[in-house]
Amino acid sequence: MKTVFFDIDSQLDFLYPAGALYVPNAERIVPAIARLNRFAAAHGMPVVSTTDAHAENDPEFSVWPPHCVAGSPGADFGAALTLPAAAHIVSKATTRERDAYSGFQDTELARELRAGGCARVFIGGLATDYCVRATALDALRAGFRVVVLTDAVRAVDLQSGDGQRALAQLQAQGVQLATTTELLAEDGRGDASA
């Protein structure tokens with residue numbers, strides 16, 4: 001079963017306290033995401049990395065603070081999160097017409113993954129209760145087996161418990177929850193791409 005690792009929006013504006021829309025404790029996922037990126041590069045496992053790429057005057061900024069403006073430093077990836085050279089970057093939230101939380105929304109990603117033989121996706125990144133949730137649900141709808149890596153996600157938690165509710169909803173819909181340690185030890189050799 002071909003597996004693809006999704007790194008959702010691991011951008012500076014979300015990852016660190018100085019970021020424009022810091023996700024609480026987001027920096028704690030950096031070691032897990034970095035480990036998965038290294039594993040993917042070493043084992044030829046495809047990586048899809050989604051990014052917010054907002055226009056400067058995006059209407060979404062009436063709801064959220066301005067963040068991840070295309071070309072700004074806050075839209076960059078964290079320095080510790082070196083992507084594999086062959087990573088596929090999917091920019092979302094690129095139009096002013098509507099918000100885009102899912103990496104599948106208004107993209108050809110599902111078709112491209114199917115064409116590449118993908119059957120399963122592992123998801124880490126930010127934020128559990130928004131873009132991770134939306135991407136996981138769309139991946140399920142597209143027919144992929146979905147695993148969300150609980151030690152590689154963090155939630156905005158506008159309302160206390162939003163992240164846990166999002167994980168519970170995903171699990172109820174058929175998403176498997178696992179940790180990166182469980183994933184990388186899946187077949188006894190740490191080979192998650194089998």
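Since every read-out is calculated from the coordinates, none of them should be taken as a lab result. Note that this is a predicted model, so its numbers are computed, not measured. Don't worry about glycine lacking a Cβ; one is built from the backbone with ideal geometry, like all the others, and counts go over all protein chains shown.
About its Cα centre, the dipole of the chain is roughly 600 debye, where the only charges are +1 on Lys and Arg Cβ and -1 on Asp and Glu Cβ. Between amide H atoms placed 1.01 Å from N, distances below 5 Å from GLY78 occur with LEU12, all of them 5 or more places distant or on a separate chain. Note on LEU126, LEU140: ascending count of other Cβ atoms within 10 Å places them as LEU140, LEU126, the fewest first. Modelled spin-label separation between GLN105 and LEU140, with each label point placed 7 Å from Cα along the Cα-to-Cβ direction: 1.7 nm. For the options ARG120, ARG141, ARG133, a Gaussian network treatment of the chain with springs between C-alpha atoms closer than 10 Å singles out ARG141 as fluctuating the most.
Among [x] 10.1; [y] 11.3; [z] 15.1, only one was calculated for this model; which label is it, if the read-out is mean projected area of the Cα convex hull in nm²? So the structure-derived entry is [x]. Positive-end ranking of TYR16, PHE61, ILE29 along the dipole of the stretch 2-184, with charges on Cβ about the Cα centre, is headed by ILE29. In a reduced charge model with +1 at each Lys and Arg Cβ and -1 at each Asp and Glu Cβ, the stretch 111-189 shows a dipole moment near 300 debye about its Cα centre. A straight line joining the Cα centroids of the stretch 104-135 and the stretch 157-186 runs 15 Å.
Sorting VAL175, VAL153 from the fewest to the most surrounding beta carbons within 10 angstrom yields VAL175, VAL153. Dipole of the chain (Lys/Arg Cβ +1, Asp/Glu Cβ -1, origin at the Cα centre): which of THR50, ALA80, GLN169 lies farthest to the positive side? Farthest towards the positive end: GLN169.
One decimal place: the segment TRP64-ALA172 gains 36.0 nm when fully extended, by the rule 0.36 nm per residue minus the C-alpha distance. Along the stretch 3-10 the Karplus relation, 6.51 cos²θ - 1.76 cosθ + 1.60 evaluated at θ = phi - 60°, assigns HN-Hα couplings of 10, 10, 8, 9, 10, 8, 6, 7 Hz to successive residues, with x for each Gly and Pro. DSSP finds beta bridges in the chain, and of those with both partners inside it, around 5 percent are antiparallel. Residues ASP106, ASP151, ranked from the fewest to the most other C-beta atoms within 10 Å, line up as ASP106, ASP151.
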